[in-house]
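Structure, as structure tokens:
Only the coordinates and a few stated rules stand behind these numbers; no lab work does. None of the values given here were measured: they were computed from a predicted structure. A quick note on method: Cβ atoms are made from the backbone with ideal geometry, for glycine too, and the neighbour counts reach across all protein chains shown.
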Amino acid sequence: DFGDINNDGFEDFITLDMLPEDNYRQKEFYWPNRYDVYWGMVNNGLHHQLMRNMLQLNNGDGTFTEIGQMAGVSNTDWSWAPLIADFDNDGWQDIFITNGFKRNFTSNDFLRYKADLALKAREGKTTRSMQEILKDIPSNPAHNYFFKNNGDLTFTNISSDAGFPTVTLTNGAAWADLDSDGDLDLVLNNIDHPVSIYRNNSTGHQYLKVTLKGSGRNTFGFGARVTAYIQGKPVTRTMSPTRGFQSSVEPALFFGLGDRQSVDSLRVQWPSGLTWQDVNVMAGQTITLRESDATQAHARGSRKLQRTWIAPAAQGLPYNHTENVFNDFNEQNLLYRMYSREGPALAVADVNGDGKTDLFIGGAKGQAGIILVQAVASFRSRVQQAFDIDAPSEDVDALFFDMDGDGDQDLYVASGGSEFQPDDAALQDRLYRNNGSGAFTKVDLPEMRTSTGCVSAADWDNDGDIDLFVGGRIVPGEYPRAPRSYLLQNNGLGEFTIVTAEICPQLVQPGMVTDAGWTDLNADGLSDLVVVGEWMPIKVFINANGKLQDRTSTYVPFPSEGWWNSLHVVDLNNDGRPDLVVGNEGHNSQIKATEQQPVILYVDDFDNNGSIDPLLEYYIEGKPYPAATRDELTERLPSMKKKFPDYKSYAHATMDDVLTPAQQRSATKLRAVTLATLCLINEGNSFRAVTLPLEAQASPVYAIASSDINNDGNIDLVMGGNRMSTAPRFTNGRGNFGTVLTGDGSGILNGCPQLLQDLKCRAICAG
């Protein structure tokens, strides 16, 4: 169904599938969905096949962002008819969904163990008839769903309170104002049962009902678009009665007005191109609009949001990132996501001293990084032989800095990824010296064969040269084992020494680091370090005369373990103190995390075969369950086939059933208590966490930049992200086309309409 769920004048839409709410039915019905098979089908022209409802938010520019999991409407079991309508007339369109399945033929137990009987029946090799076998398939009645629109891109499931507590087998559904009281009643078609009629008993809100009288044969005005302007905001409805599943609703348009007594103006655009408009239309009435009254011709065409703040200044960079082929799930099938696609790296600086900002873009394994020198309204590539030699490495981060004090910008490139052996030479980070005109030659670094996550620079020993922190990301093939991280001290000549153990032993293996930033948190003139990572708290290390001391508990006095991807340091509230913006997984996921209901990762070699087995656990309907399906678990731990001989036995299983008490005690346990992207406001001696608006929570955030985008004197944020390397059934990261949050100068950030054109990115640099 189509409908404007956020009252921005653009119609959104929902599609339905069959993902249940409860763990039992999820585990009973999840079938093997291997990453290579999934993407093989997509790359051969099939659309993405994902077993959940999709709520597509219209960005107003021809693109849509899928937010079903964040909105809370993704899991409604085997569903049929979606209806988007304002059922309580509060001004926000709600969602009703019919549910129930006569025969559960997709049950994995039936498919695996009884499908062969059906084959034998067809071949006459069994005395049981096909009809008898089919009757063994269980029926799946389920309650219908009613979701109330909260007005903030989320919905609340109030099915029982709304009058739908009982299980049914409902397919078709239609709404109509059957009793002419201004609200929408429901008519439902039930399999093997009579039709159900639900009277809408909501009261206290005003409405406006619009019927259309078209010219010629289009008497109902099908395809006409009516927009009501309510307190200056457009609310749009389209005359399209065929909705849901094989159903047609009343041919009228309903506008819930809440407590408002009138509509500022009402405008209709007919399919013929004619338009009509009236002002100050009173509530509580039915108004008929006739195409014969329309006098103004209007050119038809798709409406698009007009961007006024951000537009591309240059296009057609002579570079195309080419990702190498590697499937992490073949090495560790229980991973939530892959780690071989952490790039590309991006860094900006004036490399040739001409006063213009140039670019470095890193390559994947097998692709050399590239320097793009800025010319007149364009960029041109400059051959760098040193980069070509290092093409076997995967460039995951990059940093321009003056390593030797000669006034030009040298380049550090971090090598990462998971498609290597843990001690592969291709994991060695690289340092390139600039000759002053933009030609780079490789110089030595200490041996650090670590899959790196980030590099960050500051003069942390206060001796006048630039030193480095290098964060280790993963140990390839041994997730989630923490790798080495490094503090590199510069002798002033661009020669570096590893001093981690002497300066801060806690940074030798702080975790799976994804990003870090240096800033002076306590205004003592020394550079302090903030480190974030996967399954890590936001860590703060205060500089005490060249030694770094862990002061996380002081500066971050709240649980902060998350799946952090990115960190940006900026003063959001103009108080002179550095604040933090930290990119996380976001809310658009099956997996949610709170302090009371954390995500847990149990880590050990549970079958004593020499390899690490990471078992993920998260809450479903208030109770923790293993994330792995039976197929995934038994592939990794074959002994589990005896413990769980069929899908039904595993569908009940908690981690207490999977692991013995002794195994749980010996396992390393990692946890995450938030997956929200946050800003941390610096209050002097500690940070206060603020969850960013939902516009920033629709996908993982990997890229953050700050600037005064709208020229109001306050800092705004630009954020990018997305991820296509998650396990298929958890895929959630394709809908970020570039997010802009505008600041008001006090630290408050607000979401705003789509202002960036198709900015699907993993790195942003301002320059």
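Scalar couplings 3J(HN,Hα) for the range 660-677, obtained by applying the Karplus form with A = 6.51, B = -1.76, C = 1.60 to θ = phi - 60°, are 6, x, 5, 5, 5, 5, 7, 6, 6, 10, 9, 9, 10, 10, 8, 10, 7, 6 Hz; x denotes Gly and Pro.
For the range 247-268 versus the range 101-132, the inter-centroid distance based on Cα atoms is 50 Å.
For S248, the residues 5 or more places off, or on other chains, whose built amide H falls under 5 Å of its own are R243. Assuming 0.36 nm per residue, please report the length gained on full extension of the stretch D278 to S129 beyond their Cα-Cα distance. 47.0 nm is the gain from fully extending D278 to S129. Adding -39500 (n - 2.57) for every DSSP H run of four residues or longer, then dividing by how many residues the chain holds, sets the calculated 222 nm ellipticity at -2500 deg cm²/dmol. By the beta-carbon count within 10 Å of each Cβ, the least crowded to most crowded order of L111, L335, fewest first, is L111, L335. Candidate values [x] 327; [y] 194; [z] 267 were compared with volume of the Cα convex hull per residue in Å³ computed on the shown model; the agreeing label is [y]. Note on T63 and N545: with the Förster distance fixed at 56 Å, the Cβ-Cβ geometry gives a FRET efficiency of about 0.60.
Kirkwood Rh, the range 328-555, all Cα pairs: how many Å? Computed over the range 328-555, the radius equals 18.0 Å. Students often forget the sequence filter, so: which aspartates and glutamates lie under 17 Å Cα-Cα from K643 once same-chain residues fewer than 8 apart are removed? Within the straight-line cut-off, K643 pairs with E28, D109, D607, D631, E632, E635, D656, D657. By the rule of a C-alpha distance below 16 Å, with chain neighbours fewer than 8 residues away ignored, the lysines paired with K641 are K27.
Close amide H pairs (under 5 Å, H built 1.01 Å from N) link F101 with N140, A142, residues at least 5 positions away or on another chain. Please find the FRET efficiency linking Q664 to D424, where r is the Cβ-Cβ separation and R0 is fixed at 30 Å, and quote it to the nearest 0.05. It comes to 0.30.
Would you mind pulling out the separation of the Cα centroids of the range 155-171 and the range 22-48, in Å? The range 155-171 and the range 22-48 have Cα centres spaced 28 Å from each other. Here the label points at Q296 and Y319, each 7 Å from Cα along the C-beta direction, are separated by 4.8 nm in the simple model. Using 0.36 nm per residue and subtracting the Cα-Cα separation, the extra length available between D402 and Q596 on full extension is 65.2 nm.
In the frame of its principal axes, the range 41-146 has Cα extents of 60, 39, 17 Å, reported largest first.
Taking other Cβ atoms within 10 Å as a rough exposure proxy, H47, H205, H321, H568 sort from fewest to most as H47, H321, H205, H568. Summarising the amide proton neighbourhood of N565: residues at separation of 5 or more, or on other chains, whose placed amide H is nearer than 5 Å comprise G583, N584.
The simple Förster model, with R0 at 30 Å and r as the Cβ-Cβ distance, assigns V383 and T497 a FRET efficiency of 0.40. Among the listed pairs K114/K148; K642/K669; K125/K648, those whose Cα-Cα separation exceeds 29 Å are K114/K148. Of all DSSP beta bridges confined to the range 328-555, the antiparallel ones make up roughly 100%.
The 3J(HN,Hα) values that the Karplus relation (6.51, -1.76, 1.60; θ = phi - 60°) gives for the range 480-494 are, in residue order, x, 4, 6, x, 6, 10, 9, 9, 10, 9, 8, 8, x, 9, x Hz. Gly and Pro appear as x.
About its Cα centre, the chain has a charge dipole of approximately 3160 debye under the convention of +1 per Lys or Arg Cβ and -1 per Asp or Glu Cβ, with nothing else charged. Using the Karplus relation 6.51 cos²θ - 1.76 cosθ + 1.60 with θ = phi - 60°, the per-residue 3J(HN,Hα) values for the range 596-613 come to 7, 10, x, 8, 10, 10, 8, 10, 5, 8, 6, 10, 6, 10, x, 10, 7, 10 Hz, with x marking Gly and Pro.
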